[in-house]
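First up is the structure itself, then whatever we jot down about it.
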Amino acid sequence: MFKKKAKMAAPAASPDAPKKRSVVKLALVAVLGLAVLGGGGYGAWAYLLAPAPELHVEEKGHGGVDPQKVAALKAEAAAETSATYNFALSQILKGRCGALKVDALKEASDAEAAHDGLLVQMSWLAALRRAGTVTEASCDRMLAEIDRAEVKAEGGGAPAAGGHGEKPAGGH
């Protein structure tokens, strides 16, 4: 028994012996320190020294405007002003606001569909969004807008007398 106590006390008896350090811990501290320094260096370079991003300039023919953003806005605006948009509104709102005679809009919509399918799809989506905002009070305004588009599709002139066409029974 005395021998076991002596063996256990031996390591504690020499406090001057150097502690062994783990190689893994040293490598981890070194890698972590290098990562922090590298990240800080890159951040400082990106913030202070990196060249500014190139903007669209007039010499390149863009006029200082991003052409992709302009193209997207043009497509959205075209969809909400097309004959297909007004035809789609007339079809969607037929049950709620009343039916209109939209033969010219139908022909113009078919012509747009033959020429630009994406425009037709965007027009129907825009019409669905707009139809969700229509109330009983705004039906007359919507019908007048569709009627103006029908007259425009026919070739201009004043709206026909009677304006809105026939309304379904029980409708507004």
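The values are calculated or read from the model by the stated rules, or taken from the named source; none is laboratory data. Fair warning: this is a prediction, and the values are worked out from it, not measured in the lab. Please note: Cβ atoms are built from the backbone with ideal geometry, for glycine as well, and neighbour counts cover all protein chains shown. To get the accessible areas, we keep the full protein, side chains included, count just its heavy atoms, and leave off ligands, DNA and RNA. Shrake-Rupley method; radii C 1.70, N 1.55, O 1.52, S 1.80 Å.
Between Thr133 and Val36, residue separation times 0.36 nm minus the direct Cα-Cα distance comes to 29.5 nm. Between Arg141 and Glu107, full extension at 0.36 nm per residue minus the direct alpha carbon distance yields a gain of 9.9 nm.
Charges were assigned to the Cβ only: +1 to each Lys and Arg, -1 to each Asp and Glu. The resulting dipole of the range 68-154 about its Cα centre is roughly 300 debye.
3J(HN,Hα) along the range 117-131: x, 5, 4, 5, 5, 5, 5, 5, 5, 5, 5, 5, 4, 5, 5 Hz, from the Karplus curve 6.51 cos²θ - 1.76 cosθ + 1.60 with θ = phi - 60°, whole Hz, x for Gly and Pro. With N the number of residues in the range 68-154, Rg(Cα) / (2.2 N^0.38 Å) evaluates to 1.06. Modelled this way, with points 7 Å down the Cα-to-C-beta line, the labels at Glu154 and Ala52 are 5.7 nm from one another. Computed over neighbours whose Cβ is under 10 Å from that of Val120, the net charge equals -3, Lys and Arg +1, Asp and Glu -1. Report note on the peptides 95-101, 85-91: ranked by the mean count of other C-beta atoms within 10 Å, highest first, their order is 85-91, 95-101.
Please calculate how many Å² of accessible area the range 68-154 carries per residue, with a 1.4 Å probe and no DNA, RNA or ligand atoms counted. Spelled out: the 1.4 Å probe surface of the range 68-154, per residue, equals 57 Å².
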